[in-house]
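Working notes for the structure below.
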């Protein structure tokens, strides 16, 4: 940040009185500009028929990780709830209609100032199509997921947790729970 959004004067990075972190502070009007993590919200859209379950994934048409597979998700907008954001992102990226379920994973990614939230979701039909941020969308059974081409550690963590819970549900030894994780290391970039 270079200029104050209140008065347009230059700001400087300093620790304000009674604070413990550097903030952008305007020397002209005194405004303190707090910067907070961004929320990335999405869904785990699944379709189950005749005992066979598939999950809907999107191949990214944008950076970062262009061409890699992900769950439909994106940045939450002002004025939305997290459930609104999950539904909207699923519609925008995959053209999919869902019945949203409970929160499934909450993943902190402090090195990029983000918190990722994924909700369980049931596809209402198989009428889906790639949105502008997706090259394609496709259904995958667990054994067919392109694990080496998953875009982000948050998505891999969520998918692996989902299928682990699903295995316990099918044997009667458990249920779907809320999964939390802190991912502190940066992703390795492909060569």
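The numbers here are math on the coordinates, done by the rules we state, and not lab data. From a predicted model like this one, the values you see are computed outputs, not experimental measurements. Quick reminder, even Gly has a Cβ in these numbers, built from the backbone with ideal geometry, and neighbours come from all protein chains shown.
Tell me, what is the percent relative contact order of the chain, built from C-alpha pairs under 8 Å that lie six or more residues apart? Present the calculation step by step, with values, prior to reporting the outcome.
Values: 379 pairs, mean separation 38.7, N = 191.
The value is 20 percent.
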Inter-probe distance in nm under a simple model that places probes 7 Å from Cα toward Cβ, at residue 29 and residue 83
3.7
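Just to be sure I understand: if I project the alpha-carbon convex hull of the range 38-182 onto a plane and average over all orientations, what area do I get in nm²? Display every interim value, and only then the final one.
On the way: hull surface 33.5 nm².
Dividing the Cα hull surface by four gives the mean projection, 8.4 nm².
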Per the Kirkwood treatment, what hydrodynamic radius in Å, one decimal, follows for the range 13-104 from the mean inverse distance over all distinct Cα pairs?
16.2
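Sorting 154, 90, 81 on the 10 Å Cβ count, fewest up front, what's the list?
Details: 154 26, 90 30, 81 10.
Final ranking by Cβ density, sparse to dense: 81, 154, 90.
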Computed, not fitted: 222 nm per-residue ellipticity of the chain from DSSP H runs ≥ 4 (each -39500 (n - 2.57)), nearest 500, equal to -5500 deg cm²/dmol
Normalised contact order of the range 119-185, rounded percent, pairs of Cα under 8 Å and 6 or more residues apart
18
168, 21, 88 arranged by Cβ crowding within 10 Å, fewest neighbours leading
21, 168, 88
As an exercise, find the ratio Rg/Rh for the range 131-191 from alpha-carbon atoms, using the Kirkwood inverse-distance average for Rh.
1.02
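So how do 102-109, 136-143 stack up, highest first, on mean other-Cβ count within 10 Å?
Values: 102-109: 18.2, 136-143: 13.9.
Top to bottom by mean Cβ count within 10 Å: 102-109, 136-143.
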Nearest 10, in degrees from 0 to 90: the angle of helix 153-171 to the longest Cα principal axis of the chain is 40
Please report the spacing between the Cα centers of the range 91-152 and the range 1-15 in Å, no decimals.
37
